[in-house]
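To start, the structure itself, in C-alpha cells.
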Amino acid sequence: MDWVLAAYGREVIREHVPRVTQRAEELALRFSVDVQAARTAALLHDIGGIFRRDEMLALCKALELPIEPEEERVPLLLHAKLSVVLAREWQGVHAPEVLQAIRYHTTLHGQATALDQVVFLADKLEWDQGGEPPYAQALRASLEEGLEA
Ligand SMILES: [Fe+2]
Ligand SMILES: [Fe+2]
C-alpha cells in the first residue's frame, strides 16, 4: 500500500506502516500468533488515513457505520473503521480476525485476542510521533511477562 500512501501524500503513515508491520511480525512470531494475519492487519491498519480527518465523520455516516460519541468528538479515531472498509472492499480482506485487529488497533477493546494485542502493541511501539515513545521501555519490559501484561 506504499504507493497509495505516497499518492495521497501521507508520508508520516508511509514511514510508520513498515515499522509497525515488522514489529507485528516479530511479536506474532514471539507469542505464537498467526504471522500472516498480523502482517496483513499491520499493513492495512492505517490505510483509512488517506482520508482527510475533516471528512472522516461524514464519510462514516454516509457508509452507515456505527459511530461512538468519542469518535464524534475525535473524528480521527474513525480512521480505523475506514481502514476496515478499505481492507475489505478494496483489498478483499475478509478474515474477521484480521478486520477486528485493524478495527481496534488504536484503542484495543475488552475482549482483545492475541492478534488484536499484537497489532495494537506494534502500533504503539512503532508510533508515528517521531523518536522513541516515552512508554517504550516499560512496555518492552512488560512484554517479558507476556502479551496480556
Ligand atoms: Fe492508526
Ligand atoms: Fe498506526
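A few remarks follow.
- For the chain, with all protein chains in place and a probe radius of 1.4 Å, 53% of the accessible heavy-atom surface sits on carbon or sulfur.
- Of 107, 40, 21, the one that fluctuates the most in a GNM where the chain has Cα springs shorter than 10 Å: 107
- Of the residues 108, 63, 76, the one that moves most in a GNM of the chain with alpha-carbon contacts below 10 Å is 63.
- Solvent-accessible surface (1.4 angstrom probe) belonging to residue 32, in square angstrom, nearest 10: 110 Å²
- Counting only heavy atoms of the protein chains and using a 1.4 Å probe, residue 34 has close to 90 Å² of accessible surface.
- Here the simple spin-label model places points 7 Å from the Cα toward Cβ, and for residue 67 and residue 30 these points are separated by 3.8 nm.
- Under Karplus coefficients 6.51, -1.76 and 1.60, residue-wise ³J(HN,Hα) of the range 90-100 in Hz, glycine/proline x: 9, 8, x, 8, 10, 4, x, 5, 6, 5, 5
- Once you reduce the range 1-44 and the range 108-131 to the center of their Cα atoms, the two points are 11 Å from each other.
- Positive-pole candidate from 98, 115, 87, dipole of the range 78-149, charges at beta carbon: 87
- In the chain, the longest principal axis of the Cα atoms and the axis of helix 114-125 are about 90 degrees apart.
- Folded to 0 to 90 degrees: helix 79-89 orientation relative to the chain principal axis, Cα: 80 degrees
- In the context of the full set of protein chains, the chain has a per residue accessible area of 54 Å² (1.4 Å probe).
- Note on the chain: with a GNM built from Cα contacts shorter than 10 Å, the maximum mean-square fluctuation among 18, 134, 75 falls on 134.
- With Cα atoms, 0 to 90° folded angle of helix 35-44 axis to the chain main axis: 40 degrees
- Column: log10 I(q)/I(0), Debye, Cα scatterers of the range 1-139, q = 0.15 Å⁻¹: -0.70
The values are calculated or read from the model by the stated rules, or taken from the named source; none is laboratory data. This one's a predicted model, so the numbers in the text were calculated from it and none came from an experiment. Quick reminder, even Gly has a Cβ in these numbers, built from the backbone with ideal geometry, and neighbours come from all protein chains shown. With ligands, DNA and RNA removed, areas are computed over all heavy atoms of the protein, side chains included. Shrake-Rupley method; radii C 1.70, N 1.55, O 1.52, S 1.80 Å.
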